[in-house]
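Written out below as structure tokens is the structure these notes cover.
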Amino acid sequence: MPSTSPKKAVVIGAGAAGLATAALLSCEGYEVTVVEKNEGIGGRAGDLCDKGFRWDTGPSWYLMPDAFEHFFALLGSTVEQEYGLEDMQPAYRLFAETHPTQAAERIDVPSDPIALANYFESIEPGAGEKLKKYLASASTVYRIAVERFLYTNFTSLGPLLHRDVLGRLSTLAKLLTQSLHAMVNERFQDHRLRQILSYPAVFLSSRPEETPSMYHLMSHTDIVQGVRYPTKGFTGVMEAIYRHALIRNARFLFNTAVLEITTSNVRRRLPQRKKLARTTGVLIRHSDGSKEHLRADIVVSCADLHHTETQLLPQHLRSYDSDYFSRRNPGVGTVVVLAGVTGSLPQLKHHNLFFSQNWTTDFDAVFRTDTSDVASESIYVSMPSHTDPHVAPPGHENLFILIPVSAQLDIGHGNAYGHTESESVRAIAEHAIESIAHKAGIPDLSSRIIVHKTIGPADFADRYHAWLGGSIGPAHTLRQSAFFRGRNVSQKVKNLYYAGATTVPGVGIPMCLISAENVIKRLRGDTSAGPLPEPLNPHRASI
């Protein structure tokens, strides 16, 4: 008689994808254990606290609200029940460089497409109408992406044969082969307008020249849908997903490292066998140094794909080998500064973008590999204390400064996690603070910083096993998008699955939530396109 005991699942990593996968697998009836090498949840979307300040250490732009709404609906909840959301108005403040020796021009970019179109028109006659058409296209492509391409494992041609796709084949082909840079530049002439529409490439860990214009859909997320701030930042979002995993009895092991994904039935490939082996679980090392084998029927690795393949599996069981990764683009690295500042900073809004006039040089600095001390002059600054009084003591401001750099380990560590700050990280951080002070008109900024923490590429590698210390994930170039990005299941180990920013569908918290849902669809044998029905009704495929 078949066993009625629940199937066991091990999830590697308690970042956004790991938490989401744990919650959904628990809904499906699996007995879930999550193994996390660090001390708490969130992964890159973690936080740090010191002297009354609290910083989110990773994502800070709450985009694609429909992805969050759908995810919590799968769990029988709503975003409103989990955390509050505040609309950002303006969406962000842009500091556009006009001359290196002068303070930058301040532009408040509204969370309103009509108001933004009016601004475009005031700068460049005809640009307002062009923006409306651009955003209409972005909204259409976004809808098609959600309905046909994001919530699918591409195990069937069905998503590609829908009339939405077939009727737009020539348009979609051009959007895939033309760069975002080219699409924007052929429509707009003013460098400020071009930068507003091209910068979302950074959210995709890429550069506008190498990002398919398909991703102009990102302008739907920040301009049409608008920018919001969740209560407690992304820490609050992670805590909400964590609660859902816990109430469904998922077990979490923190400060515990996965040493190996264990397998059985290893043998030479036979014609009738699609896999070389079947996963049996994971070998872990607890914080006291003791080792244990956790048996599992399925393993979902939400760790960096490069780490999973090259460190947790033997060479003959790797679906993606070193040669594969040598041909891939690891995306953007970053140096992060977490600063606590005394006094107010009325010059800044919640989200602030500092753009240099010639940002081609900035992207060259980020994507070149022959130097470790060149950083982008285009910088992102978040000041959540503008919106949330709980992230800084009264009379103080909280700054999160993100400086894009190349994904290189030799840039080194910051000081946020107990390492000695490297000279490169220190120099990059100091230069960024000087640049912000100059462009925003805050001459005493450096002297007002009372807490100063930094994070470098080596910290991302140490804490999250990030390939080459990348901070976001592999770049969304044409060769690394959609079905070209890889598969969320091992080709050589049965019942080993992948989720997270380093696999399909891509980078960012919404994509991590979708990747968790796609694991459920893979387990069910669901070949449909589009999100699963809400709420999630347990339906586990045989394994």
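Counted as qualifying within region 219-331 are the helices (runs of 4 or more DSSP H) with 3 or more residues that are in the same structural domain as G15 (by TED's automatic domain parsing) and in contact with a helix residue (DSSP H, G or I) (Cβ under 6 Å, 6 or more places away or on another chain), namely 233-247. Among residues of region 129-147 that are under 24 Å from N118 (Cβ atoms), those with a beta-carbon under 7 Å from a residue that is among the aromatic types (F, W, Y) at least six positions away or on a different chain give the pairs K130/F188; L131/F120.
Here is a yes/no grid of residues against (1) touching a residue at least 24 places away in the same chain (Cβ under 8 Å); (2) out of contact with any strand residue (DSSP E or B) (no Cβ under 8 Å at 6 or more places or on another chain); (3) in a helix (DSSP H, G or I):
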site	(1), (2), (3)
V11	yes, no, no
A17	yes, yes, yes
S26	yes, no, yes
D66	yes, yes, yes
E80	no, yes, yes
Q89	no, yes, no
R93	yes, no, no
Q102	no, yes, no
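For every residue, the table says whether it meets (1) in contact with a His (Cβ under 7 Å, 6 or more places away or on another chain); (2) surrounded by fewer than 24 Cβ atoms within 10 Å (Cβ to Cβ); (3) within 26 Å of I298 (Cα to Cα); (4) not basic (K, R).
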residue	(1), (2), (3), (4)
P457	no, no, no, yes
F460	no, no, no, yes
G473	no, no, yes, yes
F484	no, yes, yes, yes
Q491	no, yes, yes, yes
Y497	no, no, yes, yes
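Any residue in region 398-416 that is modelled with pLDDT of 95 or more, over 25 Å from the mean Cα position of the chain (by Cα) and not hydroxyl-bearing (S, T, Y)? Within region 398-416 (the criterion being modelled with pLDDT of 95 or more, over 25 Å from the mean Cα position of the chain (by Cα) and not hydroxyl-bearing (S, T, Y)), the answer is no, since none of the residues qualifies.
Considered as a group, the residues in region 109-153 that are of a type in the set (S, T, Y) and in a helix (DSSP H, G or I) include one that is surrounded by the fewest Cβ atoms within 10 Å (Cβ to Cβ), and that residue is S122. Here I436 meets the list (1) surrounded by fewer than 24 Cβ atoms within 10 Å (Cβ to Cβ); (2) farther than 20 Å from L19 by Cβ almost entirely, failing just condition (1). Among the residues of region 400-430, count how many are over 19 Å from L468 (Cα atoms), assigned to a loop (DSSP other than H, G, I, E, B) and among the aromatic types (F, W, Y). So the answer is 0.
Can you tell me which residues in region 221-267 are of a type in the set (D, E, K, R) and more than 26 Å from T280 (Cα to Cα)? D222, R228, K232, E239, R243 - these are the residues of region 221-267 that are of a type in the set (D, E, K, R) and more than 26 Å from T280 (Cα to Cα).
Screening L513 on (1) crowded, with 22+ Cβ neighbours inside 10 Å; (2) under 20 Å from the mean Cα position of the chain (by Cα); (3) within 26 Å of P314 (Cα to Cα); (4) of a type outside the set (G, A, S) shows it passes everything except condition (3). State yes or no: is I449 modelled with pLDDT of 95 or more and either of a type in the set (D, E, K, R) or closer than 28 Å to L317 by Cβ (or both)? Here the answer is no, as I449 does not meet what is asked.
If the Cβ limit is 6 Å and pairs must be 6+ apart or interchain, which residue in region 229-242 that is closer than 19 Å to I514 by Cα pairs with which residue that is among the hydrophobic types (A, V, I, L, M, F, W, C) and part of a loop (DSSP other than H, G, I, E, B)? That search, which allows pairs on different chains as well, returns M238/I41; Y242/I41. Here is the figure for region 178-205: residues that are buried (at least 24 other Cβ atoms within 10 Å of the Cβ) and modelled with pLDDT of 95 or more total 4.
Of the residues examined, F72 is one that is buried (at least 21 other Cβ atoms within 10 Å of the Cβ), more than 28 Å from F460 (Cα to Cα) and in contact (Cβ under 8 Å) with a residue 12 or more places away in the chain.
Report whether or not E209 is among the acidic types (D, E), surrounded by fewer than 20 Cβ atoms within 10 Å (Cβ to Cβ), more than 30 Å from P389 (Cβ to Cβ) and touching a His at 6+ places or on another chain (Cβ under 6 Å). Walk me through how you get there before you give the answer.
Numbers: among the acidic types (D, E): yes; surrounded by fewer than 20 Cβ atoms within 10 Å (Cβ to Cβ): yes; more than 30 Å from P389 (Cβ to Cβ): yes; touching a His at 6+ places or on another chain (Cβ under 6 Å): yes.
Answer is yes for this residue.
The values are calculated or read from the model by the stated rules, or taken from the named source; none is laboratory data. These numbers were taken from a predicted model, which means no experiment stands behind them. Counting neighbours? That spans all protein chains shown, and the Cβs are built from the backbone with ideal geometry, glycine included.
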